[in-house]
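Notes to accompany the following structure.
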Amino acid sequence: RDLLVGGAFGIGAVLVLRLNHLLPGVLGRLPPEPISGPMGGYTEGAVTSLNGVSSAIGMIAHLYQLTTTNALAGIVLLVLLRLILRRAWLAVAAAYLILTLVSLTLVADPVIGVPVAAIGTGIYVFVLVRFGLLASSMALLPSLLEALSIPTLDFSNWYAGRSMLFVLVFASIIVYAFWISLGGKRAHGVRS
């Protein structure tokens with residue numbers, strides 16, 4: 001169940017983060033410049049994933065390590081803030097503020113980027129607090145897959161296979177999580 005919840009919130013977070021690229025055109029502003037770094041635009045990771053299938057598989061393994069580490073860091077931050085502030089709601093608010101400020105380092109246009117970062121961080125903190133480590137790790141995965149790969153639906157591109165590998169890995173986790181969540185029952189009830 002946690003993998004399904006995390007995957008759903010992760011896809012929602014990717015859609016929210018895509019607003020950074022869609023809203024400037026709607027609002028008549030210039031599109032954001034590509035940001036160099038671990039989460040911005042076509043990074044070294046995205047280029048590395050194009051080196052071949054083995055590099056793409058290595059990048060996927062790295063992404064799982066990265067999402068787990070980030071989810072654990074979020075849990076540690078919440079626990080430390082809870083110990084320092086002595087109130088759960090205050091610790092959650094402080095964690096939200098800290099993580100929002102950290103995510104603002106990737107914002108190119110403050111008019112669009114600040115609300116989008118605040119919403120994206122809110123999704124992550126909600127999943128972390130409500131559903132825990134596994135769901136928050138899974139919620140981070142789609143945005144990292146999208147950031148560290150070069151997604152395409154044009155299968156005539158030479159890198160389409162590697163791009164689809166990232167999508168298929170995520171989809172296979174979701175299908176497996178759905179299968180396990182059924183607990184041996186059929187997806188659609190048996191008709192009498």
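The values are calculated or read from the model by the stated rules, or taken from the named source; none is laboratory data. Values in this document were obtained by computation on a predicted structure and should not be read as measured data. No Cβ is skipped: glycine too gets one built from the backbone with ideal geometry, and neighbour counts run over all protein chains shown. When the accessible area is computed, the model is the full protein with side chains, heavy atoms only, and any ligands, DNA or RNA have been set aside. Shrake-Rupley method; radii C 1.70, N 1.55, O 1.52, S 1.80 Å.
Return the pair list, or none, for Cβ contacts closer than 7 Å from residues in the stretch 57-82 that are closer than 15 Å to Leu141 by Cα and in contact (Cβ under 8 Å) with a residue 60 or more places away in the chain to residues that are among the polar types (S, T, N, Q) and crowded, with 17+ Cβ neighbours inside 10 Å, at least 6 apart or on different chains.
Correct list of pairs: Met59/Ser49; Thr67/Ser137; Thr68/Ser137; Ala71/Ser136; Ala71/Ser137; Gly74/Ser136.
Test Arg186 against the stated conditions and say whether it is among the charged types (D, E, K, R) and under 28 Å from Ala71 (Cα atoms). Break it down into steps so the answer makes sense when it comes.
Working: among the charged types (D, E, K, R): yes; under 28 Å from Ala71 (Cα atoms): no.
So Arg186 does not fit the description; no.
Mind telling me which of the residues Leu148, Leu106 ends up being touching a Ser or Thr at 6+ places or on another chain (Cβ under 7 Å), at pLDDT below 80 and among the aliphatic types (A, V, I, L, M)?
Details: Leu106 fails: touching a Ser or Thr at 6+ places or on another chain (Cβ under 7 Å).
The conditions single out Leu148.
Checking the condition surrounded by fewer than 16 Cβ atoms within 10 Å (Cβ to Cβ), of a type in the set (A, V, I, L, M, F, W, C) and not in a helix (DSSP H, G or I), which residue from Phe178, Phe155 passes? Working first, answer last.
Working: Phe178 fails: not in a helix (DSSP H, G or I).
So the residue among Phe178, Phe155 that is surrounded by fewer than 16 Cβ atoms within 10 Å (Cβ to Cβ), of a type in the set (A, V, I, L, M, F, W, C) and not in a helix (DSSP H, G or I) is Phe155.
Checking Ser163 against (1) in a helix (DSSP H, G or I); (2) among the polar types (S, T, N, Q); (3) in contact (Cβ under 8 Å) with a residue 40 or more places away in the chain, which test does it fail?
Result: Ser163 passes all but (3).
Based on what the data block shows, is Ala73 part of a helix (DSSP H, G or I), farther than 24 Å from Ser149 by Cα and of a type outside the set (Lys, Arg)? Break it down stepwise before answering.
Values: part of a helix (DSSP H, G or I): yes; farther than 24 Å from Ser149 by Cα: no; of a type outside the set (Lys, Arg): yes.
No; evaluated as a whole, the condition is false for this residue.
Considering only residues that are assigned to a loop (DSSP other than H, G, I, E, B) and of a type outside the set (Val, Ile, Thr), which ones fall in the stretch 181-192?
Taking the stretch 181-192 as the starting set, the residues that turn out to be assigned to a loop (DSSP other than H, G, I, E, B) are 182-192.
Across the stretch 181-192, the qualifying residues are Leu182, Gly183, Gly184, Lys185, Arg186, Ala187, His188, Gly189, Arg191, Ser192.
Just wondering, is there one or more residues in the stretch 48-62 that are surrounded by 14 or more Cβ atoms within 10 Å (Cβ to Cβ), at pLDDT 85 or above and under 19 Å from Gly7 (Cα atoms)?
Initial filter on the stretch 48-62 (surrounded by 14 or more Cβ atoms within 10 Å (Cβ to Cβ)): 48-50, 55-60, 62.
With at pLDDT 85 or above added as a condition, the list becomes none.
The answer is no; no qualifying residue exists.
Testing Ser172 on (1) open to solvent by 50 Å² or more (accessible area, probe 1.4 Å); (2) more than 21 Å from Gly12 (Cα to Cα); (3) among the small types (Gly, Ala, Ser), one condition comes back false. Which one is that?
(2)
Considering the stretch 63-107 alone, what residues qualify as being open to solvent by 60 Å² or more (accessible area, probe 1.4 Å), of a type outside the set (Phe, Trp, Tyr) and touching a Gly at 6+ places or on another chain (Cβ under 9 Å)?
Selection gives Thr105, Leu106.
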